[in-house]
Amino acid sequence: MFNVQIKRRMILGQAKKWIGLMLCILVTIGITCDVTLAKAAERTVILESSCEKNKINLFTKGFTQEDEITALVGKTACKISDVSPIRDDGTAIKTLVLIDNSVKCIDDSQALFSDFLESYAADKSAIEQIAIAVFGESITNVIDYTDDYYALINAVRGLAYGQQSTLLTDVLYEIVDGFATQNDLDYHRIILLTDGVEDEAIGITRDELFDKLKEFPIPIYVLGCKVEGNTDELESVFSLSRKTGAKSYILNDVEKKLEIAEELKKDENILKVSLTLDIQLLDGSEKAVKLSNGQSSATIDLRMPQAELKVKPEKPKEEPTHAVKNTETVVVQVETAGTDAEPENVKDSSFIGFIKNNWIYFAIGGGVLLILIIVLVVVLCRRKKDSVTDNRNEFCQMPAPDLESDATLKVNNYAPDVEEGATVHLWESRAVYVTLKDVNRPEMVYRQMINGSITIGRSPSKNLIVIDYDKTISGQHCVISLRDGMFYISDSGSSNGTFVNNERVSGEKMIKSNDIITIGQTSYVFKGE
């Protein structure tokens, strides 16, 4: 009996050891599978791309410099010319912070937005530039890309919220489409601050936005504020992050705002994989590009660059001389059958042959016609000049613009109002012009005659000088006036203000030639003459 109990205890002890060993093996396998799956998930992401003349740059997550990466473009193996983190190869991170500034975002959300942005700007990556824009029904730029901390903080603290609809899908489609046309070599991303609530899109559906993101991928990080009843809306907008290989976060946990900033900072470790394309791939077609390290892979559809090929035209082949002779012989025999003498040559009866045989007459006629046209133009010009001379006073000639030959002159059609029947003495005053020349784009020049005052802004229906290429300029931005030979400028209640020599205009300010006037984000050299 005693021996039986000992055997039972030995069997139970062995069983416990085997069960413990099996549990350890299962746990180890589970952990290994989790790590492997996590790594595999990381190695399926191509966040963004850019194209050069014969090269494609792919911004990826999950691959490492130690991996043996292979690339396929379509079915063609492609050479990888460089693999390096963007922090080491001179690539900049350009982050567009997009903020929902509708008053429908409650005060708590607005405060969370501001608190996060201040923490984020203080702890951003050293290679990062940040731009801030707000959106409702449209996009309004607050500050362009900069790494200046104080400029960013001032921009954040100056944010304003207004009563407007939130058209997130339309706005994002417009932004992605704009990035697609730039195609610079930096790494771009969007950080979206929103409560998820969106009004019905006007023209762009969610599927159309996803198609655009598939064609021109750009990572969109969504930072949402959770309020009562917006769970479904946040889940919908978080899908943007999943579609673009980015992450989404809830901002309500204030303690995590620094962790979120640190996570976003890790993008400086993104690996840029550069592929050099063979000439046969440079055909402008859309091809699937696949990266693989043997364990995981990532694929993206890209349009190939178009090669610029110079093809020399081939010289037309001349027919053998004997063939022409044979043809002539046949023609001669047919036309001269029954005669003893053979004609000296055979004329081509076609229209081209007619011109060749009578070219001297065409040349003489063309020369005579050209002379007649020149004489007619000279006579008409002289008559027009005499007519203009007879009907104008020498003291009212309009001054010619003093502009570079390659400048673009923008002049609006405008004439001062004159009461019907009134007598106008042209010699009493001369025309005065206002000229604005873009400091950074000197080819953009605006010149307008001033009679009292002129308005400046983006709206064609409200202004004499219309500047439509800077979206930060208001519909009617400012007014330049002329009194007693002096020029004055005043702001028209614009969103971004008017500045003269970096000083904001409050009320009315006197200006003189060569002053720098800043309207929106654009500076102009002013001249009055």
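The values are calculated or read from the model by the stated rules, or taken from the named source; none is laboratory data. This structure is a prediction, so every number in the text was calculated from the model and none was measured. Using ideal geometry, Cβ is built from the backbone for each residue, glycine included, and neighbour counts are taken over all protein chains shown. Heavy atoms of the whole protein, side chains included, go into the accessibility calculation; ligands, DNA and RNA do not. Shrake-Rupley method; radii C 1.70, N 1.55, O 1.52, S 1.80 Å.
The figures follow:
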| item | result |
| --- | --- |
| Where the stretch 185-309 is the region considered: accessible area per residue in Å², 1.4 Å probe | 49 |
| Cα→Cβ-extended label distance, 7 Å offset, between Asn154 and Gln295, nm | 5.0 |
| Segment Ile516-Gln65, extension gain: residue separation times 0.36 nm, minus the distance between their alpha carbons | 157.4 nm |
| Ordering of 60-72, 77-89 by burial proxy (mean other Cβ atoms within 10 Å per residue, highest first) | 60-72, 77-89 |
| Ser84 versus Ser165: modelled label distance in nm, points set 7 Å from Cα along the beta carbon direction | 4.9 |
| Sorted peptide list for 228-240, 287-299, criterion being average Cβ within 10 angstrom, highest first | 287-299, 228-240 |
| Cα-Cα over 31 Å, subset of Lys266/Lys437; Lys212/Lys462; Lys226/Lys266 | Lys266/Lys437; Lys212/Lys462 |
| Calculated from backbone phi, Karplus (6.51, -1.76, 1.60) coupling profile of the stretch 500-507 in Hz, x at Gly/Pro | 10, 6, 6, 10, 5, 7, 10, x |
| Karplus 3J(HN,Hα) series, Hz, for the stretch 72-83 with 6.51 cos²θ - 1.76 cosθ + 1.60 (x for Gly, Pro) | 10, 10, x, 10, 9, 5, 10, 6, 8, 8, 7, 9 |
| The stretch 432-487: trypsin sites (Lys or Arg not before Pro) falling in loop per DSSP and having at most 15 other Cβ within 10 Å | Lys462, Lys471 |
| Members of Lys79/Lys265; Lys124/Lys290; Lys124/Lys272; Lys265/Lys471 lying beyond 26 Å, as alpha-carbon distances in this model show | Lys79/Lys265; Lys124/Lys290; Lys265/Lys471 |
| Pair Arg206, Ala288: separation of 7 Å Cα→Cβ label points (nm) | 2.7 |
| Cβ-Cβ FRET estimate between Lys247 and Asn440, R0 fixed at 35 Å, reported to 0.05 | 0.45 |
